[in-house]
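Presented below is the structure to which this report refers.
The values are calculated or read from the model by the stated rules, or taken from the named source; none is laboratory data. Please read these numbers as outputs of a predicted model, since none were measured by experiment. Positions of Cβ are backbone-derived with ideal geometry, glycine not excepted, and every protein chain shown enters the neighbour counts. These accessible areas exclude ligands, DNA and RNA; they are computed on the full protein's heavy atoms, side chains included. Shrake-Rupley method; radii C 1.70, N 1.55, O 1.52, S 1.80 Å.
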Amino acid sequence: MIRPSRRWAASLALTAVATLAASALSVPVTHAAGTGTTSTAAEEGPEQIVNGTFDSGSGPWWGTGNITLDASSGQLCADVPGGTTNPWDVIIGQDNIPLVAGETYAFSVFGSADPPRVARTLIQLPVDPWTTYLAENPQMTTAGDTHAYTFTAPTSLPNAQVAFQIGGSATPWRFCVDNVSLKGGAEPDVYKPDTGPRVRVNQVAYLPKGPKNATVVTEATTALPWRLNDSSGRKVANGQTTPRGVDASSGQNVHSIDFSGVTKTGTGFTLVADGETSRPFDIGGTAYRDLRADALKFYYSQRSGTPILDSLRPGYGRPAGHVGVAPNQGDTNVPCQPGVCDYSLNVAGGWYDAGDHGKYVVNGGISVAQLMSEFERTKNAATAEALGDSTLALPESGNGVPDILDEARWEQDFLLKMQVPDGKPFAGMAHHKIHDQNWTGLPLMPHLDPQLRELHPVSTAATLNLAATAAQAARLFAPYDAAFAARNLTAARKAWDAAVANPNRLASAADGTGGGAYNDDTVSDEFYWAAAELYISTGEAKYKDYILASPLHTSDIWRERGFDWGSTAALGRLDLATVPNALPGRAAVRASVVQGADKYLATLAAHPYGIPYGVTTYDWGSNNLILNNMAVIATAYDLTGQKKYLDGVLQGWNYIFGRNALNMSYVTGYGEVNSHNQHSRWYSHQLDSSLPNPPKGTLSGGPNSGIQDPVAQSKLAGCAAQFCYIDDIESWSTNELTINWNSPLSWVSAFVAGQGDGTVKAPGKCQVTYTTHGAWPSGFTTQVTVKNTGSSTIDGWTLKWAFLGGQTTSHAWNTGITQSGATVSAKNLSHNAKIKPGQSVTFGFNGSAAPGPNPSPELFTLNGAACA
Ligand code: 9MR
C-alpha cells in the first residue's frame, strides 16, 4: 500500500523564505565533495533516513500540497507543476533526523529530472532560522545520477529536516528520487515505548459490582502481595497476585490480580504491587455513559458532503468536503475509472472511511449495520437503555427520530447512491468504492482535496453489504419515515437479486491506489448476512431457504480473530438470534451464539491480560476484532442473563483502557495515557498545531503485527504482538481511526453503560402472553395477558414492548396505549391497576399492519423490569 505523506501547503511560503535567509546568514559546514566522493568512515555509520528506498510506499516523506507523491514504481516521484516562482514553492522532505555535533555524515541520493532540472538539496533546522547544514544544487539528468556529499554537523539536534526544493520552474517537469541515504553519527535510538508503572489497570473505571482484574509485569515467579489504595493513599484492600508465567502476546512474565471483592466507589484508586503503583482509576459506572455518546458523536465529524458545525462540535468545524466546490472535484458527479462505466453518479454524503477521504461500501456496510444494531438492541435486550432523539448534538437533533438513526441514515443514504441505476450494466449491484485517483498526504482538509474522484467496479461483496443494511434500515426506519423504509427495501431486494445473478464479482487486491482495496475473495458470508436481514424484514421463503441451506448457518463462525468487514456471517447470526423472527430452528441459532461466547470466555480466562483474542500475532485493527468478540459475549448475556457473560465483557473492556502491555488506553480522551495521534488527514494536530486531535471517544486500530508502514517498521521491528503499536500519526497500519472500529466501540460501550453498577439485574416478577388473534392486509388484533409471578401486589403498571417495523396501534381495550417509534407503552386503567400475586390482567388492541412480518415481541418490561 502506498500512502504518501504530504504537508499542507498553507504554512510553506513562510517556511521557505526563512530557509533562504538562514542559509545566507549561516555558514554551512558543507564539504561539497561532488558526485561519487564520500567519507568512508561516515559511510560505514548507521543509516538515519527512514524509508529512503521507497520499498513500502512513501511515508514518512511529505510533499507540499501542489504535488502528489507517487512511490508505485519503487522510487519516489512527483509531477512538479510549472509556473511557480521560488525553489521552496514545491518541496519533498523528511523530518526528525537526528544529528550529533562534530560527527561527519555521508549523504547520497539517486535523482532524475525530466526534462533536466536542478533540485536544491538541503539538510536543515526544520524551524526558523532554518539553518542549513548541507545545501547543494545538484543538476538532475533524465537518466538519473547518484549525488553524494559529506558534511560535519555543527550542532546536535533530534529533528533535522531533509528537503528537496524543486519549485521555480516555468514549465512542468517530473522529479524522482531513490536510495536517499544519510549515514554517520550515532546509532539511531532504539525506540522504547514509555510503559510507565508495571501494574496495569483499566485507567478509566471498574464497575462497582463487576469483576476487577489487573496485571503486573514482574520477574517474580511466586505470588506477590498487592494493595489497593484510595485517592488519599489509605488501604482499601490487599491480597496476593497469581503468577501466570510468560504471556505469549507480549513476551512478558506476568502475574494477575483479582480485586473483585472491592465494591467501594470513588475516584483516584491505585493498585500497588512489586514496588510499583498503577495509574489512577475510578470505581463507578458513569464514564461509559459519556463514552456511549462520544463514540457515536465521532461519526458526525466523519461526515462528507456537509459542513461540520463548530456550534455542534467546538473546535472541529470545517467546510463541507467533496461537494463539487474547487479545489474538490466531487462527489456530486463522479465518473467511473476509465473503462468501468459510461455514467457519473452523485455519491455526495456518507462518512469518510478513516483518516483518508475514501468511501467504501464494504466498510460503510458493517459500520452502519453495527450502529443500527446498537439501536435495535434497545428494542430486544433487557439491559439496553433507550437511545433517543437529541442525544448526540446533530443537525437533525430534535426531529423526533433517535439521533443514532439520524447518524446511520447519513451513511445509508450514501450506500443507496452507490447502486447502479436501472438500464445500466450490472443494474442493482453496488460500486465497491469511490475515492481519490491517487493517495494524498497529510494534513489535507476534505474540502481542499484536489484529486479526481472515481467510482470503482461493482462487486458482489459491496452489493450484499447494501442488501443487508438496506433490509435492516427498512424495518428500523419504518416507524419514522415509511417512504425511506420502502426505498431501502426495494434497493435491498434489487441488490440481492443482482448479487445472485453475479455471485463472483470480486474486488481486486491490486486496486489500492488512492484508496484501500478492501478486497475479499469469500462472499458466502456476505450472502448469509444479507439473506438474514432480508428474511427478518420480509419473512419471505426465498431468503429463509437460502439461510437454511447455507453451510455458514450451522458452522462454527466464531473465529478466534473475530469478525470484521471481510467476515460478516456473525452479523447475520447475531441478528437472527436476537431480533424476533420465525426461522425454523431458531433455538439452535441462539445456542450457537452462546457457544461462540463460551469459546471467547475460555480464551479470556486463559489470558493473563484477560483479552478475548486467542492469537499471538495481532491483525490490522486488532482493537475492533477484540471488541467484536466482546459483542458476541455481550449478546450471550442478552440471551441468557448469566453473570459470567457480563463479567467477560467487563474483563475484556479493561484491555482497551489500559490493562495491556503498553499501559495505555486506545480511546482518545479516556484514561490517563491514551491514543490521540491517530492517522487522519484532518485531525492532524501532530503535524500542524492549528488542527485538532481526533475527538474524544475515537478508537485507535491498535497493535498490528504486520507493521506495514515505514514508521512502524523503523521503530517496532521484531515486536511482540501487543507492542506492535505506536501513537504516531504516520503509523497508518497501527494507529488509524476508522468508522468500522468506532462502531463496535460504540456498541460495546452502550452495552456497558446499560449495566448500571455491574449487578446482574433480577428479572421482573411478571409473565406475558402476547397473542395476535387475527391479521388481515391492513391490520391485526392482539390480546396481551400480564401475570404477576411475584409475592406482592402490583399497584399501577406500564407494559412496554417494541414492534419489528412500522406497525402501529389503534383502538385498545382495558389499557391506555401510547407509541413512540416502534415502542409501545400500555398503561393500566383505573379498574385494573392492581394485579395480585398469581393473578393476571388481560388487555387488547387493534393494530395497523406494516410491510413485512409482525412477529410477537420477545422483550416485555413491566414498570421498567424485563419480564422473565
Ligand atoms: O481495516 C482494513 C484492514 O482490515 C486491512 O487489512 C487493511 C489493508 O487492506 O486495510 C484496512 O482498511 C483501511 C482502508 O484500506 C483504507 N482506509 C483506512 C482503513 C483502515 O486502515
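Could you give the C-alpha radius of gyration of the stretch 472-539 expressed as a fraction of 2.2 N^0.38 Å, taking N as the number of residues it contains?
1.35
Where does each of 505-516, 160-171 land if you order them by average Cβ count within 10 Å, highest first?
Ranked by mean Cβ neighbours within 10 Å, highest first: 160-171, 505-516.
Between Q139 and V127, what length comes free when the chain is fully extended (0.36 nm per residue of separation minus the Cα-Cα distance, one decimal in nm)?
This chain segment gains 1.7 nm when fully extended.
Between S856 and T490, with labels modelled 7 Å along Cα→Cβ, what's the label distance in nm to one decimal, could you check?
For the pair S856/T490, the computed spacing is 3.6 nm.
Please list, ordered by chain and number, the residues whose modelled amide H lies under 5 Å from the amide H of R120; skip anything fewer than 5 residues away on the same chain.
Placed amide hydrogens put Q165 under 5 Å from R120.
Step through the residues of the stretch 273-284 one at a time and calculate ³J(HN,Hα) from phi using the Karplus curve (6.51 cos²θ - 1.76 cosθ + 1.60, θ = phi - 60°), rounding each to whole Hz and writing x for Gly and Pro.
With the stated coefficients, the stretch 273-284 comes to 7, 6, x, 10, 10, 5, 5, x, 8, 9, 10, x Hz.
Quick check: the angle from helix 482-501's long axis to the longest principal axis of the chain, C-alpha only, nearest 10 degrees?
The two axes meet at around 70 degrees.
Indicate the gyration tensor shape class of the stretch 287-753 (rounded, prolate or oblate), computed on the Cα atoms with a ≥ b ≥ c the square roots of the eigenvalues: a/c under 1.5 is rounded; otherwise a/b larger than b/c is prolate and the rest oblate.
rounded
Let me cross-check K834: its accessible surface, 1.4 Å probe, with only protein heavy atoms counted, in Å² to the nearest 10?
It works out to around 130 Å².
If I take every Cα pair under 8 Å that is 6 or more residues apart in the chain, average their sequence separation and divide by the length, what percent do I get for the relative contact order?
Relative contact order for the chain comes out at 12 percent.
Kirkwood hydrodynamic radius of the stretch 705-747 from all distinct Cα pairs, in Å?
Taking the inverse mean of 1/r over all distinct Cα pairs, the stretch 705-747 comes out at 11.0 Å.
Working with all protein chains in place, sort L548, L312 by solvent-accessible area computed with a 1.4 Å probe, largest first.
Ranking L548, L312 by accessible area, largest first, yields L548, L312.
Using 18 Å as the cut-off for backbone N distance, which residues of the stretch 291-316 belong to the label zone defined by a point 7 Å from the Cα of E385 along Cα→Cβ?
Only 291-298 pass the distance filter.
Once a ≥ b ≥ c are taken as the square roots of the eigenvalues of the Cα gyration tensor of the stretch 185-320, is the result rounded (a/c under 1.5), prolate (a/b larger than b/c) or oblate (a/b not larger than b/c)?
oblate
Grab the Cα-Cα distance for A541 and D422, subtract it from 0.36 nm times how many residues apart they are, and report the gain in nm with one decimal.
40.3 nm
Hey, what's the chain come to in accessible area per residue, 1.4 Å probe, Å²?
With the other protein chains kept in place, the chain gives 34 Å² per residue.
Ignoring ligands, DNA and RNA, please state the percent of accessible area on the stretch 238-361 from carbon and sulfur, probe 1.4 Å.
Looking at the stretch 238-361 in its full context, I get 49 percent from C and S.
Using a basic spin-label model with each label point 7 Å from the Cα along Cα→Cβ, how many nm lie between E44 and Y343?
Each label point is offset 7 Å from its Cα along the Cβ direction, giving 6.9 nm.
Evaluate the distance, in nm, between pseudo-label points positioned 7 Å from the Cα of A220 and of N502 along their respective Cα→Cβ axes.
6.4
When the Karplus curve 6.51 cos²θ - 1.76 cosθ + 1.60 is applied with θ = phi - 60°, which whole-Hz ³J(HN,Hα) does each residue of the stretch 687-701 get, with x for Gly and Pro?
Once rounded to whole Hz, the list reads 9, 8, 5, 7, 9, x, 6, x, x, 3, x, 9, 7, 8, x.
Let me understand the stretch 390-521 better: what is its radius of gyration from the alpha carbons, and its Dmax, in angstrom?
That works out to 16.6, 45 Å for Rg and Dmax.
Helix 361-380: angle to the longest alpha-carbon principal axis of the chain, degrees 0 to 90, nearest 10?
30
Could you tell me how many degrees, from 0 to 90 and to the nearest 10, lie between the Cα long axis of helix 643-656 and the main elongation axis, the longest principal axis, of the Cα atoms of the chain?
Relative to the chain, helix 643-656 is tipped by roughly 20 degrees.
Would you mind telling me the antiparallel percentage of the DSSP bridges in the stretch 287-753, rounded to 5?
80
Which percent of the accessible area of the stretch 766-866 is formed by carbon and sulfur heavy atoms (probe 1.4 angstrom)?
Solvent-exposed carbon and sulfur of the stretch 766-866 make up 49 percent of the total.
Would you pull out the residues with amide H under 5 Å of K212's amide H, same chain only if 5 or more places away, H placed 1.01 Å from N?
So K212 has HN proximity to F259, S260.
What part of the accessible area of the stretch 684-757, given as a whole %, is carbon or sulfur when the probe is 1.4 angstrom?
Ligands and nucleic acids excluded, carbon and sulfur give 49 percent.
T155 to A591: extension gain in nm, 0.36 nm per residue of separation minus the Cα-Cα distance?
Taking 0.36 nm per residue and subtracting the Cα distance, the gain is 150.2 nm.
Averaging over every viewing direction, what projected area does the convex hull of the Cα atoms of the chain cover, in nm²?
38.9
Pairwise over distinct Cα atoms, reciprocal of the mean inverse distance: report the Kirkwood radius of the stretch 647-775 in Å, one decimal place.
16.8
When the helices in the chain are scored as -39500 (n - 2.57) per DSSP H run of 4 or longer and the sum is shared across all residues, what 222 nm value do you end up with, to the nearest 500 deg cm²/dmol?
Here the helix-only value at 222 nm equals -8000 deg cm²/dmol.
Among 594-602, 807-815, 227-235, 665-673, how do they line up from the highest to the lowest mean number of other beta-carbon atoms within 10 Å?
Listed from highest to lowest mean packing, they are 665-673, 594-602, 807-815, 227-235.
Give the peptides 140-148, 716-724 in descending order of average Cβ contacts within 10 Å, highest first.
The packing order, highest mean first, is 716-724, 140-148.
Taking H as built 1.01 Å from N, whose amide H comes closer than 5 Å to the amide H of V236, not counting residues under 5 places away?
Residues meeting the criterion, in which the H sits 1.01 Å from N, are L228, N229, D230.
Would you work out if the stretch 732-809 is rounded, prolate or oblate? Take a ≥ b ≥ c from the square roots of the eigenvalues of the alpha-carbon gyration tensor; rounded if a/c is under 1.5, else prolate when a/b is larger than b/c, oblate otherwise.
It comes out oblate by the Cα gyration axes.
Karplus couplings for the stretch 746-760 from phi (6.51 cos²θ - 1.76 cosθ + 1.60, θ = phi - 60°), rounded to Hz, Gly and Pro as x?
Working through the residues one at a time gives 5, 4, 6, 5, 5, 4, 5, 4, x, 8, x, 8, x, 6, 6 Hz.
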